[in-house]
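Have a look at this one.
The values are calculated or read from the model by the stated rules, or taken from the named source; none is laboratory data. Keep in mind the model is a prediction, meaning the values are calculated, not measured. Reconstructed Cβ throughout: ideal geometry from the backbone, glycine too, with neighbour counts over all protein chains shown. Side chains included, ligands, DNA and RNA excluded: accessible areas come from the protein's heavy atoms. Shrake-Rupley method; radii C 1.70, N 1.55, O 1.52, S 1.80 Å.
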Amino acid sequence: MKRRYTVIAALVMSVCVLLCVDASAVSLTNVDRSLLDAVTAADQANLLPGSMDQQRGAQTITREQLCETAVRVYASVKGADYDTLAEQAGKRLDACPYTDTQNNDIRLAWLLGLTAESGKDTKTRFYPQKTVSVQKMSTILYRAIATAGGNVVLSKNQMAEVLESCKDGGKIDDWARQATACFLYEGVISQDDDGKVGAHKPVSCEVLAATAFRAAAVGHTAAQQSEVSVTALSTHSGSDKVTWTNCNADSYRVYYYEKKDFNAKPKYIDLISASSASTMEAMLPETVQEKTGTWYWSVDAFDCDGRLIGSTDSTIRLQVTEESKSSGTQRIGSVDTSQATIQKIASSGLAYAGESYQSRCNRIFGTGSTYHRYSSESEAVRHQTTIRIPIWRLDSSGKKYSTTVSLTVNSGVAATVQQIFKEIYESDERFPIKDIGGYNWRGDGSTSEHCLGLAIDINYNENYMCTNSGAALTGSFWRPGQNVYSIAADSDVVKIFAKYGFGWGGTWNSKKDYMHFSYFNT
């Protein structure tokens, strides 16, 4: 598929930037097999300092080695040669107040603002040989990519969702919360099997190397995207009602809390597809309706790339009464779906319209989990399933014929996707499919749902991705009613995907992607 090759070509260019520095190899020994690919990539990208050469993968790192790695990550994301960067810093390094080290990388890290902790910038001892904790590593590497222009921003809602989902989230120091939350959300670091991030555990050489590569990849992606300013959303609330001013986002997440602050995990999170209305409204979920009294809610807005573009940045008081209970037909985005239909689909275990954001996260990442990227291609592949789906195709004379094709998607939605294409195949339209793509690993820094196996592209050339002015970004055109391969807004294809909770890129506000259907609408 041409679109896939275009994306791969772009990734190759990105990797070339990441690997632009020629350097001597730094080899770790006895590296854990699961981390080997990322460790090798980190070495090839010149992210590892010479002091790590020939160290065992499990050996703990020092604060000195963390700084040596962080300035290399900074140089990579900045697109600068590390040696040139250090040389340009020159005599300014002498201003560093640390009296217990003359290491230039530590002094450069201080100069770049990577080592500061909560007003302790003026301390004179750095303790370069002390071991490094997970939260310290995350904070300094996060500062490295952010200072270099690869800033990744989470709202207070997202931080509460991510950190309070960790069993030890409350033990993370205040100065490390933002960095740790961002790295968890981006898949740079992960919880262990016990649901803990291990914020105060020491870091090994192999973990630092793998984390540095993933952080640099995320930083490169963020640095290449246009800068986003987060809008303060205007809200309207009271009894039994949650509404806010539409900011032309592509999707919204509504968070419901039992307490006013953000120091607890949201009790419920709803995913709302944007509409053209000036005011957005969310129906109260059953979890909230069933417990009358005082609640608090907050809302975040996202573009089609999943980037935060708006937030209330505070909680709003909500009084829930008995009158809030609803029945009959509810409106899900632009699709009217009866409760009976929703309940029937949900009871079958398939995804469905109006499925909550938390339920989607549970389905894909496990019960109680939060949305995050997979940290590597090998991890992503473990969560994929290849299915056979029936489709209609056109022969050389334009006559439709039946066949089946393979499609690789996330195991969590495999049965749902099979049902979607069964219904598309059996619909009166008998929509013809020329090409189709699902799971596609697009790099450690990619935000695409294709990396998760949660997005599907159909007939890319005839359902192009374009700017709102119509300029093609991928594919050639979109001519529903004129071209049989173009997907019309009122088609069975769009309606069937919507019935099972998949958003369509043709409804996005920031751009249009008529080929694209995705589970989280990004």
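To two decimal places, what compactness ratio does region 370-474 give when its Cα radius of gyration is scaled by 2.2 N^0.38 Å?
Compared with the compact-globule rule of thumb, region 370-474 sits at 1.21.
Based on the Cβ-Cβ distance from residue 231 to residue 379, what FRET efficiency comes out when R0 is 41 Å, to the nearest 0.05?
Taking R0 as 41 Å, the efficiency between residue 231 and residue 379 is 0.75.
What is the distance, in nm, between label points placed 7 Å from the Cα along the Cα-to-Cβ direction at residue 467 and at residue 151?
Placing both labels 7 Å beyond Cα along the Cβ direction yields 2.4 nm.
How much length is gained if the chain between residue 321 and residue 127 is pulled fully straight, taking 0.36 nm per residue apart and subtracting their Cα-Cα distance, in nm to one decimal?
Extra length from residue 321 to residue 127 when fully extended: 64.1 nm.
List the pair-distance distribution P(r) of the chain, using every Cα-Cα distance, as the percent of pairs falling in each 10 Å bin from 0 up to the bin containing the longest distance, rounded to whole percents.
For the chain, the binned pair fractions read 4, 18, 27, 24, 17, 8, 2, 0, 0 percent.
Further question: If you take the beta carbon distance between residue 190 and residue 490 as r and set R0 to 35 Å, what does 1/(1 + (r/R0)^6) give as a FRET efficiency, to the nearest 0.05?
Working from the Cβ atoms, E equals 0.25.
Relative contact order for region 365-454: what percent, with Cα pairs under 8 Å and sequence separation of 6 or more?
It rounds to 31 percent for region 365-454.
For the chain, which DSSP H helices look membrane-span-like by this rule: Cα extent along the axis of 20 Å or more and mean Kyte-Doolittle of at least 0.0?
2-18, 205-224
Please compute the per residue accessible area over region 341-408 with all protein chains in place, 1.4 Å probe, rounded to a whole number of Å².
The answer is 48 Å² per residue.
Output the peptides 270-278, 156-164 sorted from most to least packed, where packing is the average of other Cβ atoms within 10 Å over each peptide's residues.
Final packing ranking: 156-164, 270-278.
Could you tell me what % of all Cα pairs in region 161-270 have separations over 24 Å?
I get 42 percent for the Cα pairs in region 161-270 exceeding 24 Å.
For the peptides 66-75, 224-233, 301-310, what is the packing order when you average, over each peptide's residues, the other Cβ atoms within 10 Å and list the highest mean first?
Going from most to least packed, we get 66-75, 301-310, 224-233.
Spin-label point model (7 Å from Cα, Cβ direction): what's the residue 430 to residue 263 distance in nm?
According to this spin-label approximation, the distance is 6.5 nm.
Normalised by the residues of the chain, what does the relative contact order come to in percent, with Cα pairs under 8 Å and at least six apart?
Averaging sequence separation for qualifying contacts and normalising by length gives 12 percent for the chain.
Can I ask one more? Determine the calculated [θ] at 222 nm for the chain from helices alone, applying -39500 (n - 2.57) to every DSSP H run no shorter than 4 residues and normalising by the residue count; nearest 500 deg cm²/dmol.
So the calculated ellipticity at 222 nm is -9000 deg cm²/dmol.
Right, another one. Set the bar at 31 Å for Cα to Cα. Now go through 156/422; 78/511; 267/512; 259/511 and name every pair that lies beyond it.
Over 31 Å apart, Cα to Cα: 156/422; 267/512; 259/511.
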